[in-house]
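*Asks:* Got a structure for you, questions after.
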Amino acid sequence: MPPSPPPSSSSPAAPYHERLGVSEESFDRLEEHLERRVHENLEYRHLSNRRSGIERGTVLIAGTVVRGFPKIPRTLVVSTGVPEHFHGPVAVEEKLNGYNVRLVRIDGDVLAFTRSGIVCPFTTRVVRRDLEAELEALFDEHPRAMVCGEMIGPENPYTAHEYPGVDSIAFRAFGWRDRERGTPLPVLERRERYESFGVAQTQYFGTDEPDAVADRLLDLVDELDAEGREGVVLQSRDGDRQLKYTTSAANRGDLAYAFSMPFEYGQEFVFRRLIREAFQAVEWGESEPEARERAHRLGDAILCSMIESIDAVAAGETVGDRHTVRAEPETIDALLEHLREQGLTLHIEQDRAENGERVVTFCKRSQSTNDKVRNYLDGQIVDV
């Protein structure tokens, strides 16, 4: 198995603008938007939003670059969107419901970066613990690798979701890129590499021509929907072009989540998901009764979630995003400190020791929703 290729145009001492492939002037403008942070005495800068053609989440650290993961476009209509976007064979893999991380090794230490480019101390410690041997072998052979994947499972501090066989939290790889250039490995080569290192991956549904993929995709999405799963990611064989499509269950889950904290999410968040449902209903050729059943399920997701939250505030409870996490005590301490540093208000609801680990259930308090619901319950007038 050949090692990852060396840098094509820059030496280890090359300045950041060369590593990023931009002019000095462009980099000077970019620097104004880089946020400075420190993780365990290691200082780094990251870009929390895409600018000047540089991906969101790009990190400058210890004289090297860690590229952000590119935003994946979405199709609303499979039958036309897939053939329009792809002009050759398409690989189909499962899209998982968790949080996106990129793993790299810097100065001998594995670090886990979130989508926005922040080192997550919790994820970093978890992957070092659970994947120590696998990642050590992988990075020894491919030091420039950027391991891209999803952290999934019910004991997840950001996006908790049940998956068969995952009792706490687990990593599933979905991409492999050169950390500095951001170029992906071809899909099948990437899957073979991860398998050789024993790294678990997202589910693979095969590769076919665009029209054939479009023909069978609705049945596949229907099966995933029945299981309450997230959807699919489509990629060209070289991994360079991507497209995603989500299930109705995922859309309803997003809406239920948003309306459980109705004053935290904007109209755009809700509208995008309703649009996805409408186009899916039309493409699937649903009858009037089927469309009404879809509308009924959406209404349940929206209204019932909001009613539950209003009832909770009325009963004196705290509304927010609840999570249970399990890890070594120092890892839990690092996570809670990290979340508070992000400006989140946490309510610890349960904190116990179990088999040498610390298990904590906490709520990220939704300030606006709690305050506004309480004010409306107390009689504040609404001018709408």
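The values are calculated or read from the model by the stated rules, or taken from the named source; none is laboratory data. What you are looking at is a predicted structure, and each value in this text was computed from that prediction instead of being measured. In this analysis, Cβ positions are derived from the backbone assuming ideal geometry, glycine residues included, and neighbour counts consider all displayed protein chains.
*Asks:* Would you confirm whether any residue within the range 339-357 is surrounded by 14 or more Cβ atoms within 10 Å (Cβ to Cβ), modelled with pLDDT of 90 or more and within 21 Å of Val166 (Cβ to Cβ)?
*Replies:* Yes, some residue in the range 339-357 is surrounded by 14 or more Cβ atoms within 10 Å (Cβ to Cβ), modelled with pLDDT of 90 or more and within 21 Å of Val166 (Cβ to Cβ).
*Asks:* Scan the range 125-160 for residues that are in contact (Cβ under 8 Å) with a residue 24 or more places away in the chain, within 25 Å of Ser48 (Cα to Cα), not small (Gly, Ala, Ser) and not in a loop (DSSP other than H, G, I, E, B) and jot them down.
*Replies:* Of everything in the range 125-160, those that are in contact (Cβ under 8 Å) with a residue 24 or more places away in the chain, within 25 Å of Ser48 (Cα to Cα), not small (Gly, Ala, Ser) and not in a loop (DSSP other than H, G, I, E, B) turn out to be Arg125, Val126, Val127, Met146, Val147, Cys148, Glu150, Met151, Ile152.
*Asks:* Considering only residues of the range 92-108 that are closer than 13 Å to Ile61 by Cβ and among the charged types (D, E, K, R), which is surrounded by the fewest Cβ atoms within 10 Å (Cβ to Cβ)?
*Replies:* Per the stated criteria, the residue is Asp107.
*Asks:* Now for a separate question. Could you list, in sequence order, all residues of the range 335-384 that are under 20 Å from Ser260 (Cβ atoms) and assigned to a helix (DSSP H, G or I)?
*Replies:* Of everything in the range 335-384, those that are under 20 Å from Ser260 (Cβ atoms) and assigned to a helix (DSSP H, G or I) turn out to be Leu339, Gln367, Ser368, Thr369, Asn370, Asp371, Lys372, Val373, Arg374, Asn375, Tyr376, Leu377.
*Asks:* Among the residues of the range 301-329, what is the count of those that are without any contact (Cβ under 8 Å) to a residue 24 or more places away in the chain and of a type in the set (D, E, K, R)?
*Replies:* 2
*Asks:* Also: Somewhere in the range 129-137, is a residue within 20 Å of Gly182 (Cα to Cα), of a type outside the set (Asp, Glu) and over 19 Å from the mean Cα position of the chain (by Cα)?
*Replies:* Yes.
*Asks:* I would also like to ask the following. For the range 10-54, how many residues meet the condition of being at pLDDT below 85 and touching an Asp or Glu at 6+ places or on another chain (Cβ under 7 Å)?
*Replies:* Residues flagged as at pLDDT below 85 and touching an Asp or Glu at 6+ places or on another chain (Cβ under 7 Å) within the range 10-54 amount to 1.
*Asks:* Given the condition over 24 Å from the mean Cα position of the chain (by Cα), closer than 30 Å to Glu223 by Cα and buried (at least 16 other Cβ atoms within 10 Å of the Cβ), answer yes or no: does some residue in the range 311-329 qualify?
*Replies:* No, the range 311-329 contains no residue that is over 24 Å from the mean Cα position of the chain (by Cα), closer than 30 Å to Glu223 by Cα and buried (at least 16 other Cβ atoms within 10 Å of the Cβ).
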